[in-house]
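Here the structure comes first, spelled out in structure tokens, and everything after it is commentary.
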Amino acid sequence: MRVARFAGDDDPQFGVIGEEDGVPTIAVLKGDPLYAGFELVGQKIPLDDVRLLAPVIPRSKVVCVGKNYVKHAAEMGGEVPTEPLIFLKPNTSVIGPGEPIFYPDQTENLHFEGELAVVIGRICKDISVEDASKVIFGYTIANDVTARDLQAKDGQWARAKGFDTFCPLGPWIETNLDPAALRVTTELNGDPRQDGSTSDMVFSVADVIAYVSSFMTLLPGDVILTGTPDGVGPMLPGDSVSITVEGIGTLTNQVVSAHD
Ligand code: MG
């Protein structure tokens, strides 16, 4: 099932993506399914008639794994960590599909990182690898936008990873997916830049949930970015970046000068 969040008359609404007479539709839900379950209100809207938003605004945090693919760790000039390397992005960095990524004045080297993202479904702590799938609401796509120069300069990554608009999420959440071997690709202006598989992750989704929840309570709506394959590279104002994860869809955003 694909769960989307979209701009309603007043507040954002949620719905389940389907099809009617060959036309993609959204069946509107009563409330946020993370908290209210899946109660349909009986209204269907053509998908083309709605503006999709980030499918979730993390209630407390976006947790990220660094260097979780061997070839990406190598291109960053380092070894694969022996334990998951964890950092945070603020929930204020989240934007939705089609929303602009603002290129900050403080960087001269803004990179894309296409990633599989996990949406947590319930409050949890100290989850075992075996039980990890029980706390997952679903999966979406993320761009872990990174000011590469600031990442090296600052040591701490809060600024390099945490500007407003540095966490595009979407286009929806797929609730029924096996994350073990999904192709992850990134295109910049239509040119292929990244092409990896989640089967190459050093630490699996279950490993990461077990590790993170061993020291940090996870809340419903928290999002975990699982790391990027190799092939990361720079984006400039005017560029269009599209990330595709097999079984989910494609997340596209444009890079915009902060002065536009
Ligand atoms: Mg990343």
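The values are calculated or read from the model by the stated rules, or taken from the named source; none is laboratory data. The structure presented is a predicted model; accordingly, all values stated were derived computationally and were not measured. So basically every Cβ, Gly included, is an ideal-geometry build from the backbone, and we count neighbours across all protein chains shown. Please note that ligands, DNA and RNA were not included when accessible areas were found on the heavy atoms of the full protein model with its side chains. Shrake-Rupley method; radii C 1.70, N 1.55, O 1.52, S 1.80 Å.
Total residues in region 135-158 satisfying the condition of being part of a helix (DSSP H, G or I) and either of a type in the set (A, V, I, L, M, F, W, C) or free of Cβ contacts under 8 Å to residues at least 12 places away in the same chain (or both): the figure is 7.
Among strands (runs of 3 or more DSSP E) lying entirely in region 159-224, which contain 3 or more residues that are open to solvent by 20 Å² or more (accessible area, probe 1.4 Å) and in contact (Cβ under 8 Å) with a residue 12 or more places away in the chain?
Numbers: elements: 167-174, 183-188, 191-197.
Where strands (runs of 3 or more DSSP E) fall fully within region 159-224 and carry at least 3 residues being open to solvent by 20 Å² or more (accessible area, probe 1.4 Å) and in contact (Cβ under 8 Å) with a residue 12 or more places away in the chain, they are 183-188, 191-197.
Here region 127-155 is the region considered, the condition is being among the polar types (S, T, N, Q) and buried (at least 20 other Cβ atoms within 10 Å of the Cβ), and the residue that is nearest to Ala210 (Cα to Cα) is Thr140. Residues in region 215-240 that are out of contact with any Gly (no Cβ under 8 Å at 6 or more places or on another chain), β-branched (Val, Ile, Thr) and closer than 21 Å to Asn91 by Cα: Thr217, Val223, Ile224, Thr226. Residues that are of a type outside the set (A, V, I, L, M, F, W, C) and more than 21 Å from the chain's Cα centre (by Cα) were ranked within region 37-65; the one that is least open to solvent (accessible area, probe 1.4 Å) is Gly37.
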